[in-house]
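Enquirer: Attaching a single structure in structure tokens format; questions to follow.
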Amino acid sequence: MEAPKITVVTPSFNQARFIEATLRSVLRQKYPNLEYIVVDGGSTDGSVEIIQRYSDQLAYWVSEPDRGQTDALIKGFARATGDILCYLCSDDLLEPWTLCEVADFFRKHPLAHAVYGDAVWIDVHGRPVRPKKEHPFNWFIWMYDHDFIPQPSTFWRRELYQRVGGLDPSFDLAMDADLFIRFAEVTSLLHNNRPWSRMRLYPEQKNQRFRARSDVEDVKIRHRYGIPNPRSWVQTPRRILAKGMRVGWKLALGCYW
């Protein structure tokens with residue numbers, strides 16, 4: 001049976017210190033039906049020269065000014081022809097076995113439309129910091145605690161992306177959370193307890209630098225579902241319950257070790 005085509009989109013801007021490791025983590029898997037798309041926002045730090053060295057292994061790449069990460073992703077997914085889609089930021093990594101395991105998962109679960117695996121947090125030098133093992137999706141926990149889905153470990157069928165209308169360009173930081181919860185409106189988000197990515201944690205990381213803006217976007221998502229302000233004192237009991245459910249579930253599954 002032919003391996004399903006998997007499209008990986010990498011958005012990047014001035015990430016020369018990390019992007020080669022990201023590219024290698026995808027290309028060195030030698031997945032037989034890979035479509036790899038890189039959308040660079042006009043980097044001036046040497047990123048373009050690095051991308052050019054791998055251009056013969058890329059389905060498409062471009063370096064031009066854009067309106068940010070979400071715009072780059074939208075451009076990349078507009079060119080995607082894969083059966084299965086994902087995106088990998090230019091400071092994160094896929095595990096060596098990820099694409100083969102993802103393809104196998106969708107073959108074994110033909111009715112599945114979206115799945116997320118586990119991850120490992122790494123530092124600026126690529127050294128493991130701690131595991132990010134997760135539990136199955138729960139709407140209440142997601143809404144009242146936080147978006148716990150590891151973005152680079154999440155894969156979905158192209159028709160699902162098209163069905164929900166793709167990424168929302170009004171989001172600059174919580175675009176993944178917005179996309180995933182819209183997935184959850186129309187299908188089950190399945191969980192596979194295998195590490196599929198390594199997520200880099202460092203002070204210059206976009207979501208670290210702009211935490212306040214990210215929080216505003218998170219509130220915007222929850223407001224859409226009838227939760228005006230999940231951080232208000234009125235919601236405190238629900239936040240405590242959601243956190244307790246999450247911690248208890250992760251303890252029961254052995255996620256903390």
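The values are calculated or read from the model by the stated rules, or taken from the named source; none is laboratory data. What you are looking at is a predicted structure, and each value in this text was computed from that prediction instead of being measured. With ideal geometry, Cβ positions are generated from the backbone for all residues, glycine too; neighbour counts draw on all protein chains shown.
Enquirer: Give the residue, chosen from Arg67, Arg107, that is within 22 Å of Asn192 (Cβ to Cβ) and exposed (fewer than 14 other Cβ atoms within 10 Å of the Cβ).
Expert: Residue meeting the stated conditions: Arg107.
Enquirer: Is it the case that segment 184-191 has a residue that's modelled with pLDDT of 95 or more, in contact with a helix residue (DSSP H, G or I) (Cβ under 6 Å, 6 or more places away or on another chain) and surrounded by fewer than 16 Cβ atoms within 10 Å (Cβ to Cβ)?
Expert: Checking segment 184-191: not a single residue is modelled with pLDDT of 95 or more, in contact with a helix residue (DSSP H, G or I) (Cβ under 6 Å, 6 or more places away or on another chain) and surrounded by fewer than 16 Cβ atoms within 10 Å (Cβ to Cβ).
Enquirer: Among all residue pairs at least 6 apart or on different chains, which show Cβ distances below 9 Å where the first residue, located in segment 243-257, is part of a helix (DSSP H, G or I) and the second is β-branched (Val, Ile, Thr)?
Expert: Once the first residue is part of a helix (DSSP H, G or I) and sits in segment 243-257, its partners that are β-branched (Val, Ile, Thr) give Lys243/Ile141; Met245/Ile141; Arg246/Ile141; Trp249/Ile141.
Enquirer: All but one of (1) under 22 Å from Asp71 (Cβ atoms); (2) within 15 Å of the chain's Cα centre (by Cα) hold for Ser197; which doesn't?
Expert: (1)
Enquirer: Next question, about the same structure. For segment 205-236, which positions are basic (Lys, Arg), at pLDDT 90 or above and farther than 18 Å from Thr70 by Cβ?
Expert: Across segment 205-236, the qualifying residue is only Arg222.
Enquirer: From the set of residues in segment 26-50 that are touching a Lys or Arg at 6+ places or on another chain (Cβ under 7 Å) and β-branched (Val, Ile, Thr), which is surrounded by the fewest Cβ atoms within 10 Å (Cβ to Cβ)?
Expert: So the residue we want is Ile37.
Enquirer: For Pro32, work out the one condition from (1) under 21 Å from Phe106 (Cβ atoms); (2) in contact with a helix residue (DSSP H, G or I) (Cβ under 7 Å, 6 or more places away or on another chain); (3) not aromatic (Phe, Trp, Tyr) it doesn't fulfil.
Expert: Status for Pro32: all satisfied but (2).
Enquirer: Next up: Among the numbered criteria (1) over 27 Å from Thr98 (Cβ atoms); (2) in contact with a helix residue (DSSP H, G or I) (Cβ under 8 Å, 6 or more places away or on another chain), which one does Ala212 miss?
Expert: Result: Ala212 fails condition (2) only.
Enquirer: Do the conditions hold for Arg198, that is, is it surrounded by fewer than 17 Cβ atoms within 10 Å (Cβ to Cβ) and farther than 27 Å from Gln235 by Cβ?
Expert: In short, no.
Enquirer: Suppose the filter is in contact with a His (Cβ under 6 Å, 6 or more places away or on another chain) and crowded, with 17+ Cβ neighbours inside 10 Å; does Arg246 pass it?
Expert: no
Enquirer: Continuing with this model, one more query. Given the criteria under 30 Å from Arg127 (Cβ atoms), surrounded by 12 or more Cβ atoms within 10 Å (Cβ to Cβ), among the charged types (D, E, K, R) and in contact with a strand residue (DSSP E or B) (Cβ under 8 Å, 6 or more places away or on another chain), does Asp176 qualify?
Expert: Yes.
Enquirer: Right, another one. Which one of Gly82, Gly117 is in contact with a Pro (Cβ under 7 Å, 6 or more places away or on another chain), buried (at least 20 other Cβ atoms within 10 Å of the Cβ) and either under 16 Å from Lys5 (Cα atoms) or in contact (Cβ under 8 Å) with a residue 60 or more places away in the chain (or both)?
Expert: Result: Gly117 is the single residue among Gly82, Gly117 that is in contact with a Pro (Cβ under 7 Å, 6 or more places away or on another chain), buried (at least 20 other Cβ atoms within 10 Å of the Cβ) and either under 16 Å from Lys5 (Cα atoms) or in contact (Cβ under 8 Å) with a residue 60 or more places away in the chain (or both).
Enquirer: Could you list all residues from segment 214-243 that are crowded, with 17+ Cβ neighbours inside 10 Å and in contact with an Asp or Glu (Cβ under 9 Å, 6 or more places away or on another chain)?
Expert: Matches in segment 214-243: Ser214, Glu217, Asp218, Ile221, Pro230, Arg239, Ala242.
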